[in-house]
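See below for the structure under consideration.
The values are calculated or read from the model by the stated rules, or taken from the named source; none is laboratory data. Values in this document were obtained by computation on a predicted structure and should not be read as measured data. Ideal geometry is used to build each Cβ from the backbone, glycine not excepted, and the neighbour counts take in all protein chains shown. SASA here: full protein model, heavy atoms, side chains in, ligands and nucleic acids out. Shrake-Rupley method; radii C 1.70, N 1.55, O 1.52, S 1.80 Å.
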Amino acid sequence: MADIFWNPSVKAASILSLPLPELSRKLRDGSLPLDHVFYAYVGKALQIAIETNCITEFLQESETQLRRAKLMEKQGLLYGVPVSIKDSIDCQGHDSTLGFIKNLNKPAAEDSVVVQVLKRQGAIPFVKTNVPQSLISYDCKNLIFGQTRNPLMFTRTPGGSSGGEGALVGGGGSILGIGTDVGGSLRFPAAFCGICAIKPTGKRLSKRGVMAGVVGQKAVAAAVGPLAKDVESLALCLRALLSEDMFSLDSTVPPLPFNEEVYSSTKPLRIGYYETDFFTMPSPAMRRAIRETKQLLEEAGHTLVPFELTNVEYVMFNYCVRGMFSDGGSSFVRKFKGEMEKGGSGLFFWLAKAPHWLKTLLSWISKPFVPRFSSIIRSMKENTVDEVWSLHHEIEDFCHQFIAQWKQLNLDVMLCPMLGPALGIGYPAKLSVAVSYTMLYNALDFPAGVVPVTLVTDEDEEQLKGYKGYYQDWWDRTLAKAFRGSVGMPVAVQCVALPWQEELCLRFMKEVETLSLKKNSFF
């Protein structure tokens, strides 16, 4: 390995600068040797891991696979491409720890379906990456591997729960990463680290062999998806994954191959948009990102239509919190037995363990002073089966109403804010309420992607001094602190489409990316 990597004739920098579509073309036509690409990325990944602590394991068998790939008769779409894999996605012979010590030395018996398909397409999974304990966080820290840092500013979180992926891809140590998303876990790391990601509809890609933070809950849809430097790379990944292999290995995945016609269409779009969800006040940079993107899209000939978002507070507490913790949080808390990390989650665990009468009393007492805290306590109650069924029915109704509003405006896609810039390390544990912009689309189970469009300016930083929030509670004050000191950090927007329309979502993301790149030269 060292001989190849340090061979002066191998220009690692020129390999690492190639976008994925071009790199994969050169690998397939033989103009770039597989070894050179593989070891260029191994070397860069090692550097980024030292800087950010993003890698949990090097997959030794990747070197064997590299040798096998050279003998492949059929070259898949990702032939010879090194790919990084989130800790919670099974790779045969390796642990999927979810950041829990109890999951160490319990290697997966087989590859998850998504890893099997990647390999059949010629990709070489070469590392696994760090996650927060339990995955239910948008920071990236656990008792086994410690804290992962943002490659763009080490005092910032890379986001989570696919935080190791965000840091590695954002730092240039991986050209393509695979993660998961149940409340923004792909979109936070991508937005915070200045890259792109897409959360597909929950069942568009297989989740067999993918470990969940809260097992069995159906209220908030989880999804598997890719992270990469640009949208074209995400599209190439989905082309490769949405293959016969995926559909035959997991028959619960609908056999919908990638729709090229939709992705490559150039017809003008009718785009809904909103600047705020009236629950989490956007930072000045978030608001500016939406306004500037809206203007660019209008100038390019698209139609922008205001979309009125209502009841996000109700959705957050009654669908998301209550839906994910319908058992009062008891199964979630059980996972942490003997592995409790001191931090911002302590109060949450105490609440989950509290008896129902105490939760009711605390909710009632705190309502006049801290209404959002009161709502969280109320949402953490243990539900009867009848109540859970009723909740699922209510979420279905909400989804149909949302789609009806969308269709009434005759929209193709939606432009939405994405939380940003990256918060300081440790802040996400104190700011669980700030997931409202992303989690809405897990409750609805719509495909949603993020694209970086701007950087925080001195003016944004100045305007932040006036940030009050909609509730002016402890959470709003803390969020203002978490945003501070971010000049030069990336800010993204979120692009959303209706269920099963990943190709349209990507097409919209590509449009936003192209227009932003024309306007800015920061990438």
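At a glance:
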{"quantity": "Long-range amide H partners of T457 with built H, under 5 Å", "calculated": "G488"}
{"quantity": "Length gained when the stretch E298-Q92 is fully extended (0.36 nm per residue, less Cα-Cα span)", "calculated": "69.3 nm"}
{"quantity": "Lys/Arg +1, Asp/Glu -1 at C-beta; the chain dipole; positive extreme among M316, N103, C495", "calculated": "N103"}
{"quantity": "Fraction of beta bridges assigned by DSSP in the chain that are antiparallel (%, nearest 5)", "calculated": "65"}
{"quantity": "Accessible surface, per residue, of region 327-382 when the full set of protein chains is kept, probe 1.4 Å, Å²", "calculated": "60"}
{"quantity": "Value at 222 nm in deg cm²/dmol, rounded to 500, when DSSP H runs of n ≥ 4 in the chain each add -39,500 (n - 2.57)", "calculated": "-11500 deg cm²/dmol"}
{"quantity": "Fraction of accessible area attributable to carbon and sulfur, the chain (%, probe 1.4 Å)", "calculated": "56"}
{"quantity": "Length gained when the stretch E61-F154 is fully extended (0.36 nm per residue, less Cα-Cα span)", "calculated": "30.4 nm"}
{"quantity": "Amide H contacts under 5 Å for Q92, placed H, 5+ residues apart", "calculated": "D111, S112"}
{"quantity": "Approximate spin-label separation K26-N311, in nm, with each point projected 7 Å along Cα-to-Cβ", "calculated": "5.3"}
{"quantity": "Degrees between helix 385-408 axis and first principal axis of the chain (Cα, 0 to 90, nearest 10)", "calculated": "70"}
{"quantity": "Residue-level accessible surface for S366, protein heavy atoms, 1.4 Å, Å²", "calculated": "10"}
{"quantity": "FRET efficiency, I403 to V370 (Cβ-Cβ, R0 41 Å, nearest 0.05)", "calculated": "0.75"}
{"quantity": "Top positive-direction residue, dipole computed over the chain with Cβ charges, set H393, V127, V333", "calculated": "V333"}
{"quantity": "At most 15 other Cβ within 10 Å, DSSP loop - chymotrypsin sites (Phe, Trp or Tyr not before Pro), region 378-474", "calculated": "Y470"}
{"quantity": "Degrees between helix 474-483 axis and first principal axis of the chain (Cα, 0 to 90, nearest 10)", "calculated": "30"}
{"quantity": "With all protein chains modelled, accessible area of T454 [1.4 Å, Å²]", "calculated": "10"}
{"quantity": "Region 327-382, relative contact order in percent, only Cα pairs under 8 angstrom and at least six apart counted", "calculated": "44"}
{"quantity": "Computed over the chain: relative contact order in percent, which uses C-alpha pairs under 8 Å that are six or more apart", "calculated": "16"}
{"quantity": "Cα centroid separation - region 408-467 against region 322-341, whole Å", "calculated": "26"}
{"quantity": "Check: region 327-382 dipole with +1 on Lys, Arg Cβ and -1 on Asp, Glu Cβ, in debye", "calculated": "80"}
{"quantity": "Sparse-neighbourhood loop sites, trypsin sites (Lys or Arg not before Pro) in region 259-345 - DSSP loop, at most 15 other Cβ within 10 angstrom", "calculated": "K337, K342"}
{"quantity": "Other-chain or far-sequence residues with amide H under 5 Å of G179's (modelled H)", "calculated": "G225, L227"}
{"quantity": "Residues in region 42-80 reached by a label modelled at T514 [backbone nitrogen below 18 Å; 7 Å Cα→Cβ]", "calculated": "none"}
{"quantity": "Difference of contour (0.36 nm per residue) and Cα-Cα distance, K70 to N105", "calculated": "9.4 nm"}
{"quantity": "Area accessible to solvent at H94, 1.4 Å probe radius, in Å²", "calculated": "20"}
{"quantity": "FRET efficiency, 1/(1 + (r/R0)^6) with R0 56 Å, evaluated for S248 and K465 via beta carbons", "calculated": "0.45"}
{"quantity": "Debye log10 I(q)/I(0) for region 344-442, one point scatterer per Cα, at q = 0.23 Å⁻¹", "calculated": "-1.23"}
{"quantity": "³J(HN,Hα), Karplus 6.51/-1.76/1.60, whole Hz, each residue of region 495-503, x for Gly, Pro", "calculated": "10, 10, 9, 6, x, 6, 9, 4, 5"}
{"quantity": "Acute angle (nearest 10 degrees) that the helix 356-366 long axis makes with the longest principal axis of the chain, alpha-carbon atoms", "calculated": "80"}
{"quantity": "Calculated FRET efficiency for the pair W357/L46, C-beta based, R₀ 56 Å, to 0.05", "calculated": "0.55"}
